[in-house]
1. Within the bounds of the stretch 204-215, is there any residue that is surrounded by fewer than 23 Cβ atoms within 10 Å (Cβ to Cβ) and outside any loop (DSSP other than H, G, I, E, B)?
2. Scan the stretch 338-348 and tell me whether some residue there is over 13 Å from the mean Cα position of the chain (by Cα), within 16 Å of the ligand (Cβ to nearest atom), within 22 Å of Gln498 (Cβ to Cβ) and at pLDDT 95 or above.
3. Listed residues Val108, Val82; which is farther than 15 Å from Lys135 by Cβ, assigned to a loop (DSSP other than H, G, I, E, B) and in contact (Cβ under 8 Å) with a residue 12 or more places away in the chain?
4. Among the residues of the stretch 437-453, is there at least one that is within 11 Å of the ligand (Cβ to nearest atom), surrounded by fewer than 17 Cβ atoms within 10 Å (Cβ to Cβ) and modelled with pLDDT of 90 or more?
5. Which condition does Asp378 not pass, out of (1) at pLDDT 95 or above; (2) on the phi > 0 side of the Ramachandran plot, if it passes all the others?
6. What's the total number of residues in the stretch 357-369 that are surrounded by fewer than 16 Cβ atoms within 10 Å (Cβ to Cβ) and part of a loop (DSSP other than H, G, I, E, B)?
7. Restricting to the stretch 317-356, count the residues that are in contact with a helix residue (DSSP H, G or I) (Cβ under 8 Å, 6 or more places away or on another chain), of a type in the set (Phe, Trp, Tyr) and either within 28 Å of Val294 (Cβ to Cβ) or not in a loop (DSSP other than H, G, I, E, B) (or both).
8. Inspect all residues belonging to the stretch 512-527 and state whether any of them is crowded, with 16+ Cβ neighbours inside 10 Å, out of contact with any strand residue (DSSP E or B) (no Cβ under 7 Å at 6 or more places or on another chain) and at pLDDT below 90.
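The values are calculated or read from the model by the stated rules, or taken from the named source; none is laboratory data. In this text the structure is predicted, and so the values were computed from the model without any measurement. FYI the Cβ positions are ideal-geometry reconstructions off the backbone, even for glycines, and counts take in every protein chain you see.
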Amino acid sequence: MAKLDPGEYDIQELGPAIKDVEDVVELKAILDAEREGQNRPAAVALIESRVEKYEEDEEADADDLDLAEMSAADVGNALQNVDDVEVLERLLEEEEGGEDRDSVKRLVQRRIDSVAGSEEDEEGEEAVARTPEEKHPDLDHPTADKKHVRALEGGVYRDMWVYCETQAGELIDVSREMLGKARELMDDYNETYLADESDAEDERVVAVLIGDGASEHAEECVALGADVVVHYEDERLTRFQHKPYAEIFCDMARGAGHPHGREDRPEEEWRDYDEPRYVLFPATNNGRDLSAQVQAELDSGLASDCSGLYIENTVISNPVKTGVAGEKKEFEAVLHMKRPDFSGFEYSTILCLDNPNREFHPQGASVIPGSFEVPEPDPEREGVIVAHDLSLDEGWLRVQVTDHDRLEEGIDLSGYEVIVAVGRGIGDDPTRGIELAVDLADAFEDAEVGVSRGIVTGSYDFDGHVEQYTREERQIGETGQVVAPKLYVAAGISGAVQHKVGMDESETILAINTDPNARIREFSDYFIEGDLFEVLPRLTRAVETGELDAAAVADGGGGGD
Ligand SMILES: Cc1cc2nc3c(=O)[nH]c(=O)nc-3n(C[C@H](O)[C@H](O)[C@H](O)COP(=O)(O)OP(=O)(O)OC[C@H]3O[C@@H](n4cnc5c(N)ncnc54)[C@H](O)[C@@H]3O)c2cc1C
């Protein structure tokens, strides 16, 4: 008869009650008791699954294992049931004296390490880390030979680095904005984390300049908040190139003695750490390109397109990060990286935290231009300016720009009395939608056509005659132009926050949308619930016949009905 009577437990309680019963005879007795008693299908299935599991375990009795007969994957599976170090050592010897396969020896050795380690552990201590290959030896693992996992162990991380992008030789504004923000963050960091440590040196803002003539901007970077400027100049780097810029940045980031850095890397007086603690890039085309590669090379993470940053301690209970289920762990000085998601209707805060057996540094973000103020430069500030020493590998310069053209100046939408903007609502007939917007703009005396980013990034097939109205230069919003006309007509635009910030200073906003709950309604003065393909022509007629005029709408009238 079974020691445990399943009839005394309801289904939810039964699982926990039998979870420690591993004896197949006892489990079968429990199964019989259930069948003879209430015979609940869910309870029977639960007990049967445990019987099956432990029967299999018994079948895989380690003493019967003959590795020579087994593939590496089978060995990996079978070893999961062997917890006896002596048996494992015997298996390892047999393999060495027989087939002598490296993969099998590695699996057995790892199992020995894992079992020996867990024997030393106190109950409830952290689980031993296992590679995906160990955890799932039955799968085909292209990661087994992965070479790019280059995280440090016990690395030393300091400072906040800022990649200060230049374009056509000029420092761009987002670089200035990031320096200002970095200064603010690191001042707070030093105050919060280092003020009580009398011998601790403040952590710094490090500006990185790369490109021909880049060092010209070093003084300005210091005036804007950098403590150190590291620059690399080469006349072949007149414009951004993915490979050399990424190689140079990573070489700068890795300190002397870095296990994955170049061997002849000299000690540098200005630093004594392995990698930056934090790093910021601009979320420009080039900055996005560079940031992804650099953070991958440094084997860390990247929160892209951020518009808010702060540093704080955080308490996390995710076992991937704590190493122990059900426990909480406090991480210090975490860079909190806020970014818009779901068309800007929601903000996510991204954290880049170490795992128990894996370090993730630098914590990195790319920053949307315009997210922070350009700081007031302080010409009295002093900083260290360092030229980075590295010879460019010819192989990095395989891409050569033989010719280039400068785009014409884009259109400036800021001075018009009326803007007629269209969004993805034109999707049913994109060319017609733009034509209708142009018609309405033409009907006013002083109006132009703008678009949401949904149009710029959408893959609409526009006819040639309207294509010019759909380009990025006409985009309104956070990453486009900011306008404040007397009248802003938003047709088929949902009202994402990134669009809103480019137009909500308009005197009067008139929205046309089929969705009565569209977000744009919340900040519109007039909301027409309807199909833009019907409403825009009627508005055009009303303007043409004088029933509607922009000034009157802005004054709260409309001119007509
Ligand atoms: C970092 C970042 C920066 C960004 N910068 C900008 C920016 O500068 N500017 C910008 O605009 N966006 C920007 N975005 C994108 C933004 O989040 C939205 O995705 C975008 O604004 C949505 O465009 P939309 O309103 O045209 O499309 P949708 O959100 O798809 O809305 C379409 C609207 O049309 C309505 N509709 C459908 N059919 C009709 C019809 N026949 N008649 C009338 N209404 C109809 C729908 O109800 C809906 O409300 C940015 C996003 C990120 C992440």
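1. Checked the stretch 204-215: at least one residue is surrounded by fewer than 23 Cβ atoms within 10 Å (Cβ to Cβ) and outside any loop (DSSP other than H, G, I, E, B).
2. Scanning the stretch 338-348, I find no residue that is over 13 Å from the mean Cα position of the chain (by Cα), within 16 Å of the ligand (Cβ to nearest atom), within 22 Å of Gln498 (Cβ to Cβ) and at pLDDT 95 or above, so the answer is no.
3. Values: Val108 fails: assigned to a loop (DSSP other than H, G, I, E, B).
None of the others qualify; the one that does is Val82.
4. Taking the stretch 437-453 as the starting set, the residues that turn out to be within 11 Å of the ligand (Cβ to nearest atom) are 450-453.
Filter again for surrounded by fewer than 17 Cβ atoms within 10 Å (Cβ to Cβ), leaving none.
No, because not a single residue in the stretch 437-453 is within 11 Å of the ligand (Cβ to nearest atom), surrounded by fewer than 17 Cβ atoms within 10 Å (Cβ to Cβ) and modelled with pLDDT of 90 or more.
5. (2)
6. From the stretch 357-369, those surrounded by fewer than 16 Cβ atoms within 10 Å (Cβ to Cβ) are 357-358; that's our starting set.
When the remaining residues are screened for being part of a loop (DSSP other than H, G, I, E, B), the result is 357.
Result for the stretch 357-369: 1.
7. Residues in the stretch 317-356 being in contact with a helix residue (DSSP H, G or I) (Cβ under 8 Å, 6 or more places away or on another chain), of a type in the set (Phe, Trp, Tyr) and either within 28 Å of Val294 (Cβ to Cβ) or not in a loop (DSSP other than H, G, I, E, B) (or both): 1 in total.
8. no
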